[in-house]
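Novice: Here it is, the structure in full.
The values are calculated or read from the model by the stated rules, or taken from the named source; none is laboratory data. Keep in mind it's a predicted model, so treat the numbers as computed, not measured. Cβ placement follows ideal geometry from the backbone for every residue including glycine, while neighbour counts extend to all protein chains displayed.
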Amino acid sequence: MRNAIATFAVATCAALAVLPAAAQGSWPDKPVKLVLPYPPGGNVDGAARIISEQLQATFKQPFLVENRPGAGGMIAGEYVAKSTPDGYTFFMGANGPILFSPTIFKRNAYDWKKDFAPVSSVSFTPLVLQVNAGTPYKTMGEFIAAAKKSGNALTMASPGAGTTNHLVSEYLQKESGAKWLTVHYKGNAPATTDLLGGQVQFNFDQLSVAQPFIQQGRTRALAVTSARRVPLLPDVPTLQEAGFKGFEAETFTGILAPTGTPPDILARFSEALQKILADKAVQAKFETLGAEARGSTPKQFTQFLTKEDARWMPIIKQANISAE
């Protein structure tokens, strides 16, 4: 009997010894990667760099921002989906890369409902329709009228097929009857460069990115996509005020883990993020970018993603939005 007890004790100790460090409550005990679907600059990258500093201070380990742009965000998304679910690789994305890119690009790289475990939302940002300052358009009415004229080749800079920027543009064309050419770039930074240089006439961009250029007079804001006017641009009407009833959209950023990541890690990460994003100083940093910092539990974020998926997928299919 004594030998049996001793054998059981040795076996138990051996089993505990091979448990992942995270399961023993030591997560994180090495650097953690936040993999982004866009190049440096832009909405997601800005949000990631705000929280990575705070996460490092909280967990006493580096939280490294790794930019892996391309394929509508699927390069980053697929990389994380196939990563070891040990709590050291996370996907920080936005609407398009998380929800829609596999459908729009017609490539089953991943399915967020099966391949990811939502952790928390991070930020919510309205978009603004802005035109190059050299264009003659001062109001949405003038802009839409010009876009409806035959042979008037307006061009719109998109940070990538399937992004919120792209979907909002397609939706407005459907609602207004206007038409324009969409030029897809690999991220916000090159799209903004060509907008400022006059190679394209306008874009839909996150307020966090567009605001400095609007203030400098290099672009002109015609409308915002939020339900109400935003404090940073009090004189700029909403698209609803411009005559498009019910038109509302925003870019969210959020964090997901590969499916199979231990629930205790998801919970600890989510709790830390919620605390960080509730801090007034952190909220102020997001507010200067035109974004609202707002964390959530894994369950709440999953429910939010489900609603967004149900809202936008019919629009994608009805408008036949595709990267092809």
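Novice: Name every residue in region 217-249 that is touching a strand residue (DSSP E or B) at 6+ places or on another chain (Cβ under 8 Å), among the small types (Gly, Ala, Ser) and free of Cβ contacts under 8 Å to residues at least 60 places away in the same chain, in order of residue number.
Specialist: Ala227
Novice: Something else: Write out, first by first residue and then by second, each pair whose Cβ atoms fall under 7 Å of each other, whose residues are 6+ apart or on separate chains, and whose first residue, in region 175-192, is in the same structural domain as Lys149 (by TED's automatic domain parsing) while the second is of a type in the set (D, E, K, R) and not in a strand (DSSP E or B).
Specialist: Within 7 Å, the pairs are Gly177/Lys148; Ala178/Lys148.
Novice: I'd like to check something: does region 145-164 contain any residue that is touching a Lys or Arg at 6+ places or on another chain (Cβ under 7 Å), of a type in the set (A, V, I, L, M) and in a helix (DSSP H, G or I)?
Specialist: yes
Novice: Identify all residues within region 68-101 that are within 13 Å of the chain's Cα centre (by Cα) and polar (S, T, N, Q); write none if there are none.
Specialist: Asn95, Ser101
Novice: Out of the residues in region 102-151 that are surrounded by fewer than 13 Cβ atoms within 10 Å (Cβ to Cβ) and over 23 Å from Glu170 (Cβ atoms), which is nearest to the chain's Cα centre (by Cα)?
Specialist: Residue satisfying both the conditions and the ranking: Lys114.
Each row is one residue, and each column tells you yes or no for (1) among the small types (Gly, Ala, Ser); (2) in a strand (DSSP E or B).
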site	(1), (2)
Arg229	no, no
Val236	no, no
Ala257	yes, yes
Thr261	no, no
Leu266	no, no
Phe269	no, no
Lys275	no, no
Ala281	yes, no
Ala284	yes, no
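Novice: Moving on. Taking the options Phe213, Phe252, name whichever one is of a type in the set (Phe, Trp, Tyr), touching a strand residue (DSSP E or B) at 6+ places or on another chain (Cβ under 7 Å) and under 28 Å from Asp115 (Cβ atoms). Steps first, answer last, please.
Specialist: Working: Phe213 fails: under 28 Å from Asp115 (Cβ atoms).
After ruling out the rest, the residue left standing is Phe252.
Novice: Can you tell me which residues in region 101-157 are polar (S, T, N, Q) and more than 30 Å from Gly295 (Cα to Cα)? Outline the logic, then answer.
Specialist: Narrowing region 101-157 to residues polar (S, T, N, Q): 101, 103, 108, 120-121, 123, 125, 130, 132, 135, 139, 150, 152, 155.
Scanning region 101-157 gives Asn132, Thr135, Thr139, Ser150, Asn152, Thr155.
Novice: If the requirement is being farther than 24 Å from Gly160 by Cα, part of a loop (DSSP other than H, G, I, E, B) and small (Gly, Ala, Ser), which of these qualifies: Gly87, Gly41? Let's see the steps before the verdict.
Specialist: Details: Gly41 fails: farther than 24 Å from Gly160 by Cα.
Of Gly87, Gly41, the one residue that is farther than 24 Å from Gly160 by Cα, part of a loop (DSSP other than H, G, I, E, B) and small (Gly, Ala, Ser) is Gly87.
Novice: Conditions: (1) loosely packed, with under 15 Cβ neighbours inside 10 Å; (2) out of contact with any Gly (no Cβ under 9 Å at 6 or more places or on another chain); (3) free of Cβ contacts under 8 Å to residues at least 60 places away in the same chain. Asp279 meets all but one. Number of the miss?
Specialist: Of the numbered conditions (1) loosely packed, with under 15 Cβ neighbours inside 10 Å; (2) out of contact with any Gly (no Cβ under 9 Å at 6 or more places or on another chain); (3) free of Cβ contacts under 8 Å to residues at least 60 places away in the same chain, the odd one out for Asp279 is (3).
Novice: In addition: Touching a residue at least 40 places away in the same chain (Cβ under 8 Å), surrounded by fewer than 23 Cβ atoms within 10 Å (Cβ to Cβ), out of contact with any strand residue (DSSP E or B) (no Cβ under 6 Å at 6 or more places or on another chain) and not charged (D, E, K, R) - does that describe any residue in region 91-99? Even if it seems obvious, please write down each step before you answer.
Specialist: So in region 91-99, the residues touching a residue at least 40 places away in the same chain (Cβ under 8 Å) come out as 91-99.
With surrounded by fewer than 23 Cβ atoms within 10 Å (Cβ to Cβ) added as a condition, the list becomes none.
No, region 91-99 contains no residue that is touching a residue at least 40 places away in the same chain (Cβ under 8 Å), surrounded by fewer than 23 Cβ atoms within 10 Å (Cβ to Cβ), out of contact with any strand residue (DSSP E or B) (no Cβ under 6 Å at 6 or more places or on another chain) and not charged (D, E, K, R).
Novice: Please enumerate the residues belonging to region 212-227 that are in a loop (DSSP other than H, G, I, E, B) and under 22 Å from Thr193 (Cβ atoms). Don't jump to the end; show me each part of the working.
Specialist: Looking only at region 212-227, we keep the residues that are in a loop (DSSP other than H, G, I, E, B), and these are 216-218, 225-227.
Correct list: Gln216, Gly217, Arg218.
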